[in-house]
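Peer 1: This is the structure, below, for whatever I ask next.
The values are calculated or read from the model by the stated rules, or taken from the named source; none is laboratory data. Bear in mind that the values here come from a model prediction, so they are computed numbers and not experimental data. As a convention, Cβ positions derive from the backbone with ideal geometry for all residues, glycine included, and neighbour counts pool all protein chains shown. The protein model used for the area step is the full one, side chains on, heavy atoms only, and it has no ligands, DNA or RNA in it. Shrake-Rupley method; radii C 1.70, N 1.55, O 1.52, S 1.80 Å.
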Amino acid sequence: MRWSQTLIPTMKETPEGAEIPSHVLMLRAGLISQLMAGAYTYMPLGLRALKKAERIVREEMDAAGAVELLMPALTPISLWEQTGRVQAFGDVLIQFAVRRQNRKVQMALGPTHEEVITDLVARHVSSYRQLPLTLYQIQTKFRNEERPRFGVLRTSEFLMKDAYSFDTSVEALGRSYEKMYAAYCRIFDRCGLAYLPVEAESGPIGGDASHEFMIPAENGEDTVVHCKACGYAANLERAEIGARAPSTVDVELKPVQKVPTPGAGTIAQVCNFLGCKPDQMIKTLIYLADGKPVAVLIRGDHEANENKIRRAAGAGSIQLAEPGVIQRVTGAPVGFAGPVGLKEKLPVLADYDIQFVRNGITGANEADAHLTGVSPTRDFQVEKYADLRSAQDQDPCPRCSAKLSMRHAIEAGHVFKLGTKYSEALGAKFLDAQEQLRPIIMGCYGIGINRIIASLVETNNDAGGILWPVALAPYEVLVVPMKASDEATMKTAERLHDELSAAGVDVLMDDRDQRPGVKFKDADLIGIPLRVVVGERGLKQGQLEVKWRWDAELQMIDAATAVTTIADWIRQERAGGQRFKNRISSACHPTTTLSNKGVES
RNA sequence: CGGGAUGUAGGGUAGCGGCUGACCCACGUGCCCUGGGAGCACGGAGACGCAGGUUCGAGUCCUGCCAUCCCGACCA
């Protein structure tokens with residue numbers, strides 16, 4: 001392809017509004033163009049990268065035995081009503097009615113396709129002999145995001161690979177799941193992404209039923225907890241915390257005292273008022289566990305983790321109580337609850353760290369007052385101690401004794417054991433060998449194709465622009481004739497371009513009559529892995545100057561054999577991307593140098 | 001959905017209530033140049049987001065709306 005014949009609108013300046021590297025660079029390199037908030041056009045260069053990612057995903061899905069199909073983006077609303085997900089999705093589901101003759105048809109744009117695929121399988125699969133089966137598609141998904149942001153990382157319309165497995169038993173589901181898990185590792189590895197599979201919050205099946213594939217990145221929206229010593233990795237909702245160390249056990253217990261704290265209803269305000277530190281505070285949260293109030297005690301410097309609380313309370317759902325309920329059970333307005341002298345008798349759950357609090361400070365269960373000198377056991381009783389808070393940096397690892405570290409990450413993939421939720425709701429049943437009718441056991445597996453591209457750019461760039469691995473690069477080789485007006489130069493460049501194309505290499509030739517500075521800057525910006533400069537300098541000696549985008553130094557190669565040399569290199573890079581991986585860790589952001597082998601299972 | 005900000009040419013910006021709205025980049029034409037975003041000259045492109053209002057006079061002040069961005073909440 002010739003630069004002059006395609007559309008690559010590069011920008012010297014950063015458009016207003018773009019802040020994170022991937023957004024800035026994708027815009028500046030002419031990969032994407034914004035149509036509205038959360039909707040981007042993929043320009044020719046961006047589309048090529050997207051297609052490469054799509055192809056890798058497709059190849060690995062096929063290799064793992066999954067079978068591709070394509071479902072409509074348009075779905076009947078009735079399907080979503082049957083699984084109760086009209087409410088579950090709420091405004092995220094884009095739905096509308098269209099007129100057909102004299103009636104109205106309610107439909108929704110698919111935000112995901114569990115309902116559609118389950119309905120499909122229910123229609124066509126009825127015997128254990130047809131299972132196991134894993135189906136996938138690569139399709140545009142629609143979600144009315146409350147707040148699209150970060151360029152292409154969070155949009156209302158995005159390309160997703162979604163796969164669904166159908167099995168006859170939980171054990172068989174485990175095998176399907178492992179295949180997908182392994183395929184995901186290969187996909188992210190081939191894309192040259194430093195990824196981290198983390199344990200994620202799982203649904204009804206429990207255990208290791210869900211993993212997210214995270215790309216550590218400063219601007220990621222998710223937080224993962226990672227133990228560098230043993231490899232334990234989990235997302236923040238899920239991460240367990242190892243044994244807590246008692247810090248202040250041998251302290252003389254002081255008497256409980258009521259102190260006035262007018263208007264101080266938050267941890268920060270109370271600390272400010274009383275001159276104490278958050279870790280002396282006992283935060284008392286009133287939750288409704290399946291509708292019944294429970295008190296939850298968390299140290300002031302910790303964050304409550306609702307999933308952990310829900311599990312500890314043995315409840316199906318949990319939510320913070322309304323102010324009215326809080327007033328009723330504590331006798332005080334929001335902000336002054338405490339475990340001592342609650343108005344109503346209710347179960348008290350406490351995080352493990354609470355047991356080590358001595359002379360703590362907590363709400364007095366009356367407006368504008370707190371209690372000091374409060375200690376567990378002596379002053380209040382706890383029904384159950386449990387792990388109820390979210391992990392923090394430096395917390396002990398649950399698997400080994402090392403310290404956990406926290407890092408931001410982009411969720412690029414998710415594998416999930418669904419069980420029978422959808423098959424039961426939509427009647428996807430099969431007859432087993434004993435002639436018993438049973439619901440099919442499902443798993444679902446998603447990958448955000450756009451996020452592969454965005455997170456690659458986000459984590460692989462330098463001051464000049466993007467650093468693509470060959471596997472995802474829009475073009476593999478960029479031929480740069482130094483002087484477009486020079487006939488000999490152009491002839492060599494054209495020949496190189498044509499022969500490389502013929503050899504199956506994706507070549508872009510910058511045939512614009514621009515000064516060298518412009519071409520070099522653009523070359524760095526769009527980040528094509530191998531740059532071949534055709535200039536007078538080398539031409540005289542029968543040499544071409546080549547440079548990997550991630551290398552500082554350039555090398556000269558023989559012009560006569562250049563095509564085979566380059567084609568060989570590109571083939572090697574496609575296979576493993578070894579040059580890219582070797583160099584990238586030192587050339588790029590230090591935050592992305594995490595190893596690729598965080599795989600545990 | 002709460003909080004904050006911004007809207008001036010394709011991009012980036014300046015613009016004090018007062019004449020025909022300024023600059024840089026990009027774009028077009030010509031000259032010149034061709035190894036890291038050159039130079040000169042000429043030129044095209046804007047009813048200053050939209051609608052009201054205040055004023056003798058509004059890009060500038062006020063109100064509403066719309067749009068975009070950021071922080072937070074939400075995110076099977």
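Peer 1: Taking helices (runs of 4 or more DSSP H) that do not extend beyond segment A:482-583, which have at least 1 residues that are at pLDDT 95 or above and more than 19 Å from A:MET1 (Cα to Cα)?
Peer 2: Details: elements: A:487-502, A:516-526, A:536-539, A:562-576.
In segment A:482-583, A:516-526, A:562-576 are the helices (runs of 4 or more DSSP H) which contain 1 or more residues that are at pLDDT 95 or above and more than 19 Å from A:MET1 (Cα to Cα).
Peer 1: Okay, moving on. Go through segment A:255-360 and tell me which helices (runs of 4 or more DSSP H), entirely inside it, have 1 or more residues that are under 32 Å from the mean Cα position of the chain (by Cα).
Peer 2: Numbers: elements: A:267-274, A:306-312, A:323-330.
Once the helices (runs of 4 or more DSSP H) in segment A:255-360 are filtered for at least 1 residues that are under 32 Å from the mean Cα position of the chain (by Cα), what remains is A:267-274, A:306-312.
Peer 1: Taking segment A:78-107 only, how many residues are within 16 Å of RNA strand B (Cβ to nearest atom) and either open to solvent by less than 60 Å² (accessible area, probe 1.4 Å) or in contact (Cβ under 8 Å) with a residue 24 or more places away in the chain (or both)? Steps first, please.
Peer 2: Filtering segment A:78-107 down to residues within 16 Å of RNA strand B (Cβ to nearest atom) leaves A:79-95.
Remaining after also requiring either open to solvent by less than 60 Å² (accessible area, probe 1.4 Å) or in contact (Cβ under 8 Å) with a residue 24 or more places away in the chain (or both): A:79-80, A:82-86, A:89-94.
Residues meeting the conditions: 13.
Peer 1: Right, next: Select from segment A:163-179 the residues that are surrounded by fewer than 23 Cβ atoms within 10 Å (Cβ to Cβ) and either small (Gly, Ala, Ser) or within 12 Å of RNA strand B (Cβ to nearest atom) (or both) and list them in ascending order.
Peer 2: A:SER169, A:ALA172, A:GLY174
Peer 1: Going through segment A:3-35 one residue at a time, which ones are more than 11 Å from RNA strand B (Cβ to nearest atom), within 23 Å of A:ASP510 (Cα to Cα) and open to solvent by less than 50 Å² (accessible area, probe 1.4 Å)?
Peer 2: A:TRP3, A:THR6, A:MET26, A:LEU31, A:ILE32
Peer 1: Which pairs turn up if I take residues in segment A:295-307 that are away from RNA strand B (no atom under 14 Å from the Cβ) and look for partners that are acidic (Asp, Glu) and assigned to a strand (DSSP E or B) with beta carbon separation below 9 Å, at least 6 apart in sequence or on another chain?
Peer 2: A:VAL296/A:ASP351; A:LEU297/A:ASP351; A:ILE298/A:ASP351; A:ARG299/A:ASP351; A:HIS302/A:ASP351
To keep it simple, each residue is scored yes or no on (1) surrounded by fewer than 18 Cβ atoms within 10 Å (Cβ to Cβ); (2) touching a Gly at 6+ places or on another chain (Cβ under 8 Å).
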| position | (1), (2) |
| --- | --- |
| A:VAL325 | yes, no |
| A:ARG328 | yes, no |
| A:PRO333 | yes, yes |
| A:PRO339 | no, no |
| A:GLU344 | yes, no |
| A:VAL348 | no, no |
| A:GLN355 | yes, no |
| A:THR362 | no, yes |
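Peer 1: Can A:THR118 be described as in contact (Cβ under 8 Å) with a residue 60 or more places away in the chain, closer than 28 Å to A:PHE166 by Cα, open to solvent by 40 Å² or more (accessible area, probe 1.4 Å) and within 16 Å of RNA strand B (Cβ to nearest atom)?
Peer 2: On the way: in contact (Cβ under 8 Å) with a residue 60 or more places away in the chain: yes; closer than 28 Å to A:PHE166 by Cα: yes; open to solvent by 40 Å² or more (accessible area, probe 1.4 Å): no; within 16 Å of RNA strand B (Cβ to nearest atom): yes.
In short, no.
Peer 1: When only residues in segment A:470-496 that are small (Gly, Ala, Ser) and within 13 Å of RNA strand B (Cβ to nearest atom) count, which is surrounded by the fewest Cβ atoms within 10 Å (Cβ to Cβ)?
Peer 2: Let us first name the residues in segment A:470-496 that are small (Gly, Ala, Ser), namely A:471, A:473, A:484-485, A:488, A:493.
Now restrict to residues that are within 13 Å of RNA strand B (Cβ to nearest atom): A:484-485, A:488, A:493.
On the way: A:ALA484: 18, A:SER485: 8, A:ALA488: 12, A:ALA493: 26.
Taking the candidates together, the pick is A:SER485.
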